1. Restricting attention to the range 7-34, and to residues there that are touching a Gly at 6+ places or on another chain (Cβ under 9 Å) and among the aliphatic types (A, V, I, L, M), which single residue is surrounded by the fewest Cβ atoms within 10 Å (Cβ to Cβ)?
2. Determine whether the range 42-53 contains at least one residue that is under 25 Å from Leu154 (Cβ atoms), polar (S, T, N, Q), in contact with a His (Cβ under 7 Å, 6 or more places away or on another chain) and not in a helix (DSSP H, G or I).
3. For the range 57-78, which positions are assigned to a helix (DSSP H, G or I), over 21 Å from Lys11 (Cβ atoms) and in contact (Cβ under 8 Å) with a residue 24 or more places away in the chain?
4. Please determine, by comparing only the residues of the range 203-228 that are among the charged types (D, E, K, R) and surrounded by fewer than 21 Cβ atoms within 10 Å (Cβ to Cβ), which one is nearest to the chain's Cα centre (by Cα).
5. Is it the case, given these coordinates, that Leu214 is out of contact with any His (no Cβ under 8 Å at 6 or more places or on another chain), within 17 Å of Ser75 (Cβ to Cβ) and not assigned by TED's automatic domain parsing to the domain that holds Pro63?
6. Report whether or not Asn162 is modelled with pLDDT under 95 and not hydrophobic (A, V, I, L, M, F, W, C).
7. Among Ile174, Ile170, Ile216, which is of a type in the set (Val, Ile, Thr) and either without any contact (Cβ under 8 Å) to a residue 12 or more places away in the chain or touching a strand residue (DSSP E or B) at 6+ places or on another chain (Cβ under 8 Å) (or both)?
8. Could you tell me how many of the residues in the range 259-307 are under 28 Å from the mean Cα position of the chain (by Cα) and among the hydroxyl-bearing types (Ser, Thr, Tyr)?
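The values are calculated or read from the model by the stated rules, or taken from the named source; none is laboratory data. Being a predicted model, the structure only gives us computed values, none of them experimental. Using ideal geometry, Cβ is built from the backbone for each residue, glycine included, and neighbour counts are taken over all protein chains shown.
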Amino acid sequence: MNIYFGFEEVKHIKNAVVTTGSFDGVHIGHQLILKRLSETAQKINGETVLITFYPHPRQVLYPDTSGKDLMMINSRQEKIDLLRNAGLDNIIFVKFTKEFAETSAKDFIKDYLVDKLHVKKIVTGTNHHFGKNREGDIEELKILGLKHGFDLELIPSQDIQNVDISSTLIREAILQGQVEKAEVYLGHQYQIKALLNGQGQAQYLQMGYKTKRLIIEEKYKLVPPCGSYLIQVDFLQKTYKGLCLISLCNETDKNNIDLYIPDFPEQENETEHVCVRFIKPSKIIKDPTLLKSAIIKDLIHFNKLQF
């Protein structure tokens, strides 16, 4: 998969078949759209293209309202890896700014999709809006398609609505610690890809349990609530069982997460990138006074926990 950060980086794309969207979670609804995109591209011997914006437009346009507390299911790297596994050919990350938001619908299509990508087909929902103040719609796309020589393939409104519903349900499930429920909608396990630091909290080490600190680099990454979770950690093509311990319930600080992985190899470097896949919660504790004792019990009885 080719990854571009801005249209200016894009090289030649053969018979570009384009869609746009957040694709946060790359869940089962997104996977259906990607399948449709791929099937369409195959018919014209073309390549699939996803245009996605970073940060999320709501975070830029409505920082004090709907974008204020918007957290993302995926970090950018997680999204890249999931889209690669889904078979996408090209992804273009567009930096979304207030200035970019002023781009008219006509200019967005002409300057970027036509002049930069030489788009052959656009795959989108029937209720799609785009451009400044969301002024562009399907009728506008049809007119522009006739003018610039690209085709339009529409996805039924019900399918797009299911995508939006699924994203909301996934976020709600993660916020409640219901990672198994989130997995149903995602079509894969909820995951965190981050840096693993060799030094965890001293309080666990004093009890004889050497933990490691998980360092999440993106501030908008959604994480489950306080508690302990059964996890699998992928590192250097091997998988290890462990516990994810979220013990400090400060939503503004994502780096209060420890991992206990008994069989994890000693790290040569101070930090290593790992993928943490959440299996199920062991304990979700809302009362902070009970949290520490609950986590200690899980550490003591780790070998008896049912993964």
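1. Ile28
2. Scanning the range 42-53 turns up no residue that is under 25 Å from Leu154 (Cβ atoms), polar (S, T, N, Q), in contact with a His (Cβ under 7 Å, 6 or more places away or on another chain) and not in a helix (DSSP H, G or I).
3. Once the filter is applied, which keeps residues that are assigned to a helix (DSSP H, G or I), over 21 Å from Lys11 (Cβ atoms) and in contact (Cβ under 8 Å) with a residue 24 or more places away in the chain, the range 57-78 yields Pro57, Gln59, Val60, Leu61, Gln77, Glu78.
4. Lys221
5. Spelling it out, Leu214 is indeed out of contact with any His (no Cβ under 8 Å at 6 or more places or on another chain), within 17 Å of Ser75 (Cβ to Cβ) and not assigned by TED's automatic domain parsing to the domain that holds Pro63.
6. yes
7. Among Ile174, Ile170, Ile216, only Ile216 is of a type in the set (Val, Ile, Thr) and either without any contact (Cβ under 8 Å) to a residue 12 or more places away in the chain or touching a strand residue (DSSP E or B) at 6+ places or on another chain (Cβ under 8 Å) (or both).
8. So the count comes out to 3.
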